[in-house]
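First up is the structure itself, then whatever we jot down about it.
The values are calculated or read from the model by the stated rules, or taken from the named source; none is laboratory data. Note that the structure is predicted; figures quoted are calculated from it, not measured. FYI the Cβ positions are ideal-geometry reconstructions off the backbone, even for glycines, and counts take in every protein chain you see. Surface areas here come from the heavy atoms of the whole protein model, side chains and all, with no ligands, DNA or RNA. Shrake-Rupley method; radii C 1.70, N 1.55, O 1.52, S 1.80 Å.
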Amino acid sequence: MTINAGPFAGTTRLTSRRREVELDALAVAPAVDLLVVGGGVTGAGVALDAAARGLRVVLVEARDLAFGTSRWSSKLVHGGLRYLASGRIGVARESAVERGVLMTRTAPHLVRPLPQLVPLLPGLLRPGQASLVRAGFLAGDALRLSARTPGAVLPRMRRVDAARARQLVPGVRAAGLAGALVAHDGQLVDDARLVVALARTAAQYGATVLTRVRAEEVTGTSARLVDSLTGQSLALTAGAVVNATGVWAGEVDPSIRLRPSRGTHLLVDAAALGHPVAALTVPVPGSTSRFVFALPQQLGRVAIGLTDEDAPGPIPDEPQPTEAELDFLLDTVNAALTTALTRADVRGAYAGLRPLIDTGGGSTADISRQHAVLESPSGVITVVGGKLTTYRRMAEDAVDTAVRLRRLPARACWTARLPLVGAPGHRDSRPAPEGGVPASLLARHGGAAREVLAAGGAEPIAEGIDVTRAEIAYAVTHEGALDASDVLDRRTRIGLVAADAARARAAVEEIVAQSRTR
């Protein structure tokens, strides 16, 4: 495969200098094959798909990579079990296939098997519900087999006794515990990190990735690009334009009608649940298909989520959880815990908006997560709906549509076998040096760990925060971070807990300033 030409072709490094040079180059030659608007997981996936097919691609993001919904997920790579339960077999099958692609080929360094534990407790499950959960887990095994994901990657469902259940989730209520049902799904170490890996790999194949650049006056073949840092603008022409702005899609293409749904999570210290190694899965009272999860996370936290609430009105930059949602999450998870959590245990909270296609009335929980690729009257191609797990398929369908409608000179899609930066098989991935590599750094960077360590020291950025100074520098010298907020809130997830961000900010700002001169 020939990588596109350009002054930075072949390198995954995203830097402020590269951004400046590529903006200057576009001012001189403002014509490309494909313009992608939106730097979330779908937009980054579209850019990679198109660049790997040999197209000249520009991706613009008004703020930062993974600024929107893509950093507010549960970080689960779902096999589609919930959709199977509601009869959406196509969505469930697609999810299982894409989960397998991520876990075995494209990003196994970022996605790991996570046990999901449903405790068999009196009063927690309605009569017959345990049998329904077991049947669902068995159906999930069938999905895994149909997607050809090996059992060594995702073990099959099993029942465990009470002692084993409490080893997996020490905080689960012991009184009356008759064991648990355990299945496995995929979990991302970090959703924002997946987006950055996609964008960097797209850049390796020649894509121009520009953050802090707004797309205005967007049509099916053009847009005005405005550099938010300098105020300068340029008129860009493109063979096709793909709108991948998620919940903001209607602002780019007014013909799009979305019905956003808010999903909220709260964060507690892992110690509050005994440092679980499995996701505690608690049925939502009155529902047969909804659960609240207590999910082990990096940085010593557990995320408890999630809600599914209508979110009408203007789209905020950063959605905020409601008091009612936080109470709902605490009340639901506490039904399965020995020691109830209170508001005093909450270290942070976040909310994200799902870009669901408006299908009329009913609950947002009942709206299909099937994605759609739509052509507007202006010719803009919009990709909406879907979910993080299926980003690659969404990107493939969007590029296929652009190629077909605009007759772009593209090769066939091959992203299902294209390893992202840091994954085994990527040309820049290397075995981690023996000794002296923090396990958390390795988990976040995989085969790029050696390169990360070369950027700085292995000591923590602040006491009790297992993010190294090297990772802060690397975010600026390789991952396109332009300021401390990019680092705290997206290249690392220190910013999810305000107290952590306050302790780390001064050191992060110092390293960012030093690294920008390199």
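Some points to look at:
- Alpha-carbon radius of gyration plus Dmax, which is the widest Cα pair, for the stretch 70-160 in Å: 13.9, 42
- Here each label is just a point 7 Å from Cα along the line to Cβ, and for Ile89 and Asp317 those points are 4.7 nm apart.
- Cα-based equivalent ellipsoid of the stretch 142-262: semi-axis lengths in Å, sorted from largest, via gyration tensor: 47, 18, 16
- Whole-Å semi-axes of the ellipsoid equivalent to the stretch 263-316 (Cα gyration tensor, √5λ, descending): 24, 17, 7
- For the stretch 459-509, Kirkwood radius (reciprocal of mean inverse C-alpha pair distance, Å): 10.5 Å
- Cα gyration tensor shape for the stretch 412-500, rounded if a/c is under 1.5, else prolate or oblate: oblate
- 3J(HN,Hα) couplings calculated from phi for the stretch 111-121 with the Karplus curve 6.51 cos²θ - 1.76 cosθ + 1.60 (θ = phi - 60°) are, in sequence order, 10, 10, x, 10, x, 10, 10, 9, x, 8, 10 Hz; Gly and Pro show x.
- Sorting the segments 209-215, 13-19 by their mean number of nearby beta carbons within 10 angstrom, highest to lowest, gives 209-215, 13-19.
- Apportionment of accessible area to carbon and sulfur, the stretch 401-464, percent (1.4 Å): 53 percent
- Compared with the direct C-alpha span, the chain from Ala29 to Ala271 gains 81.6 nm at full extension, assuming 0.36 nm per residue.
- Mean Cα-pair separation over length for the stretch 266-316, i.e. relative contact order, pairs under 8 Å, 6 or more apart, %: 35 percent
- Evaluated at q = 0.14 Å⁻¹, the base-10 log of the normalised Debye intensity for the stretch 17-98, with identical point scatterers placed on the Cα atoms, takes the values -0.66.
- Note on Thr492: accessible area approximately 10 square angstrom, rounded to 10, probe 1.4 Å, nucleic acids and ligands left out.
- Förster-model FRET efficiency, 41 Å R0, Ala513 and Ala135, C-beta, rounded to 0.05: 0.10
- The listed peptides 316-327, 248-259, ordered by packing as a protection proxy, come out as 248-259, 316-327 (highest mean of other Cβ atoms within 10 Å first).
- Evaluating kT/(6 pi eta Rh) at 37 °C and 0.692 mPa s, with the Kirkwood radius of the stretch 267-397 over Cα pairs in the Stokes-Einstein relation, gives 193 µm² s⁻¹.
- Stretchable slack from Ser146 to Glu216, in nm (0.36 nm times residue separation minus alpha-carbon distance): 20.8 nm
- In Å², nearest 10: area of Thr11 left accessible to a 1.4 Å probe: 40 Å²
- Using 0.36 nm per residue and subtracting the Cα-Cα separation, the extra length available between Ser233 and Val284 on full extension is 13.4 nm.
- Normalised radius of gyration (Cα atoms, divided by 2.2 N^0.38 Å) for the chain: 0.94.
- Each residue of the stretch 368-409 gets 62 Å³ once the volume of the Cα convex hull is shared out per residue.
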